[in-house]
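Below: the structure, in structure tokens.
Only the coordinates and a few stated rules stand behind these numbers; no lab work does. Not measured: the values here are computed from a predicted model. Virtual Cβ from ideal backbone geometry, glycine too; neighbours counted across all protein chains shown.
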Amino acid sequence: MSRATSSVHRHSKRKKVLKLAKGYRGRSSTNYRIAIERVEKGLQYAYRDRKVKKRNFRSLWIQRINAGARQHGLTYSQFMNGVKQAGIQLDRKILADLAVKEPEAFKMLVDQAQDALKASA
């Protein structure tokens, strides 16, 4: 008995892959066999880069906090140590946003961090 090669399920499976391959160059977007490989690789990149994106943003926040802290005479590590000792529970995302958009508020945090560092020394 021969296999059914034109079933609804098979068509929908191919359409799904080709839809995901839309926009790829050359035969990668039209040839099913090549499209499967490209789509699988693309999904691997997407999975990996969702995690890389988080790393990149954390790195950006640290750079912004460091720049803001250095304007007031502290390094990033000194500032973060002072923030922890002062009991300020703000994450890096919020601290970076304050450093960029609210320099006066960030200056107040730097002062609190410096006071906490002096008190512990």
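Observations, loosely collected:
- Selected residue [in a helix (DSSP H, G or I) and over 30 Å from L98 (Cβ atoms)] from R58, R64, R27: R27
- Within segment 69-83, the set of residues being assigned to a helix (DSSP H, G or I) and either touching a Pro at 6+ places or on another chain (Cβ under 7 Å) or free of Cβ contacts under 8 Å to residues at least 12 places away in the same chain (or both) comprises R70, S77.
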